[in-house]
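Here is the structure we will look at.
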Amino acid sequence: MYKKIVWPFIFFIAFFSFAQNNKKVLLTIDGQPVYQEEFKRVFSKNLDLVEDPTAKDLDNYLQLFIDYKLKVLEAEAQGLDTVSSFVGEFNIYKRQLADKYMRNSKITQKLLKEAYARLQQEVNASHILINVAPGANAADTLKAYNKLQKARKEIESGKPFESVAKRYSEDPSVEKNNGKLGWFSVFQMVYPFENAAYQTPVGKLSKPVRSKFGYHLVKVNGKRDNLGSVEVAHIMLEDNSENGTVKKNQIEEIYNKLQDGADFHALAKQFSDDKNTAINGGRIRPFTRGALNSEVFEGKAFDLKEKGAISKPFKTQYGWHIVKLLDKTEIGSLEDEEKKLRFKIKNDSRSQLINEKLVEKIRQTYSVQENAKALQYFQNNVGDELMRGNYKANLKQLPQKQIIAIENTAKDYTDFAKYIEARQKRLNPQATKNVILENWLTDFKNGFLIEYHKKNLAKTNPEYANIIEEYRNGLLLFDLMEKNVWKAAKKDSIALKKYYKKHKETYIAPKQIEAIVATANSKKTAKTLRKALKKEEDVKKLIEAYSSVIFKEGSFQEKSPVLPKGFKAKKGVSKIYTKNGNYVVVKVKSIIPAQQESFEDAKGQVISAYQNKLEKEFLEGLRRKHSVKVNQEVFKNLKENFAQ
């Protein structure tokens, strides 16, 4: 695909200007002002990127800048900013960038650093859980809290944590694990629980901590360094015998085969009783410590140091194993881990904290009007059918009142009624109707605030506004050139051939030299090589005979850097030349003189040149179409400032 590089598309950035009335007008286009501030920022930002020295000259750069502004105007005049493909791509980019800017806050940075610090460590903990729903009433919440406090006092009085957990904990797994959760790291537990685990010293009890599941009491049993993750393959033989030795001889026989050089993956496919992994040669997905239900297996896997290392046979509750280390990944730097951590923060309960801070900031930025009576209305008029999931709003009877508004944008009673209908299938059956409606109304209003801020972010964030304007104009310029220059040049075959004929002398293929170039590190070798080249043209045979010599065979132009300096081509074997401390001999097999290129051979060059011609004519037309006036006094001052 032959496309001419578009100067403005690469280098020019159109900046959204704030309080432009207070800035000096550099030029006008059809009477509309373009301010010096935009030109200064564009020139300063792109100065180091521009390779063409003429473009660094302010006079030349100003002309390129004017061309850029004219192209944007023409793209808009042709309606390219209304084409569905453009609108769709631009809106997607705006939303994605707005989301990034809105959430790249101090709280996000704090959570990122906290998560990375916790990633370095693993915690072993036990817990007692007393269930309480997120929307539970005050009485049920207090009851759960008091029950947990009672359990805490018993432990502090000396009773074993395990026995107290079995009596009090409402976690179903307590019957099997006595409240023990094993080892875990960051993001593996709900955030409030994770906080308690990392903030509580080893051997101590946390204060009661509330999560979406209820109240927890956390006992920290240990902490250790996080060793990252490993990827292993294993061969497992199930052994459910009473003493666990039935398969011992068989696993040792497999181990001996491995020591004699047998293929691990082939043996895994043949003998392993773990059917899920045997089909893939025993390969297990990468895991961290604490991710599997066997500390013994994890310990053996992490003990292996070198890729390809194989463990001796060992036994777990599942049977006998042999493990081979495939890969080991240590924790990277904050920069290495940042993208992954940001993704997890976004999809973790931590995101609620980010939203809360964001909503707080939005309320400080805009003048928000709220209807304080809206909640009471819905609590009084939404019946118990909501709790059965049968609520249906009578939209005709709803008051025509706003719930929340910013300037001319608002959400009203009808919007919230529809919101309730959509949410009722996801209500918490343990919460009361009034608490549910209160929480939903808060979410509804916060959603409105966030969406409004996202759509209007360009008005409050200059950096964001600059970037989206740059992206918008880049898309427009690409589409403009594609429509008016690139496609026109490629499709008009008659015009291309006509252009080729008119400039035929431009498309001359240079003289080509078909040759073997041999480079030796000693003159003695070069002399014997020169004799060999007179008799032999098969490079493969020459390479076999002269292993220390570098051979290059092909078609070269006269001034090719492969050929020695001062080389004059004539058929046959050349004299010995010196080059960079080496000795070069060239065998010229044939010389193809310079010749006229056919249209097909030169087509790529013709299209590029014709595109240049069309673009020049296109820009000349834009200059004639619009009135451009430069404020020479302002421009003179700009030149003086940059000269300093």
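A cut-off under 9 angstrom between Cβ atoms defines the neighbours of Ser311, and their net charge, with Lys, Arg +1 and Asp, Glu -1, is +2. Per residue, the average separation of C-alpha pairs within less than 8 Å and at least 6 apart gives the chain a relative contact order of 17 percent. Electrostatic tally near Phe86: other residues with Cβ closer than 14 Å to its Cβ, Lys and Arg +1, Asp and Glu -1, net -2.
Compare Ser349, Ser169 by solvent-accessible area with a 1.4 Å probe and give them largest first, with all protein chains kept in place.
My answer, sorted largest first, is Ser349, Ser169.
Per-atom-type breakdown for the range 66-149 gives carbon and sulfur 55% of the accessible area (1.4 Å probe, protein chains only). If you sort Ser44, Ser351 by accessible surface, 1.4 Å probe, largest first, the order is Ser44, Ser351.
Taking a straight Cα-Cα cut-off under 18 Å and skipping sequence neighbours fewer than 8 places away in the same chain, the lysines within cross-link reach of Lys392 are Lys418, Lys425, Lys433. Per-residue 3J(HN,Hα) values for the range 102-108, derived from phi via the Karplus relation 6.51 cos²θ - 1.76 cosθ + 1.60 with θ = phi - 60°, read 5, 9, 8, 10, 4, 5, 5 Hz in sequence order (x marks Gly and Pro). Each Lys or Arg adds one and each Asp or Glu takes one away; over the other residues whose Cβ falls under 13 Å from the Cβ of Glu536, this sums to +4.
Only protein heavy atoms count here; under a 1.4 Å probe, Arg350 has an accessible surface of about 0 Å². In the context of the full protein assembly, Ile543 retains an accessible surface of approximately 90 Å², using a probe radius of 1.4 Å and ignoring ligands and nucleic acids. Helix 58-77 versus the longest principal axis of the chain: what angle, 0 to 90°, nearest 10, using Cα atoms? Taking the Cα atoms of the chain, the angle to 58-77 is about 60 degrees. Amide H contacts of Thr316 (H built 1.01 Å from N, in plane; Pro and chain starts excluded): His321 sit under 5 Å, all sequence-distant by 5 or more or on other chains. Among the protein heavy atoms of the range 521-572, carbon and sulfur supply 50% of the accessible surface, probe 1.4 Å, non-protein parts ignored. Helix 36-46 and the longest principal axis of the C-alpha atoms of the chain enclose an angle of approximately 80°.
Per residue, how large is the accessible surface of the chain? Use a 1.4 angstrom probe and give square angstrom. Please list the in-between numbers first.
Values: 36690 Å² over 644 residues.
Heavy-atom accessible area per residue stands at 57 Å².
Among the listed values [x] 1.05; [y] 1.11; [z] 0.99, the one computed from these coordinates for Rg/Rh (Cα atoms, Kirkwood Rh) is [y].
Before anything else, pin down the relative contact order of the range 527-601: Cα pairs under 8 Å, at least 6 apart, normalised by residue count, whole percent. Don't skip to the end; give the middle numbers.
On the way: 55 pairs, mean separation 19.3, N = 75.
Normalised by residue count, the contact order of the range 527-601 is 26 percent.
On the range 172-243, 49 percent of the accessible area sits on carbon and sulfur atoms, based on a 1.4 Å probe.
Based on Cα contacts under 8 Å between residues 6+ apart, the range 184-310 shows a relative contact order of 22 percent. Relative to the longest principal axis of the Cα atoms of the chain, the long axis of helix 350-365 lies at roughly 80 degrees. Taken along the Cα-to-beta-carbon direction at a fixed 7 Å, the label points for Gln364 and Glu633 span 4.3 nm.
The values are calculated or read from the model by the stated rules, or taken from the named source; none is laboratory data. These numbers come from a predicted model, not from an experiment. Note that each Cβ is placed from the backbone with ideal geometry, even for glycine, and that neighbours are counted across all protein chains shown. SASA here: full protein model, heavy atoms, side chains in, ligands and nucleic acids out. Shrake-Rupley method; radii C 1.70, N 1.55, O 1.52, S 1.80 Å.
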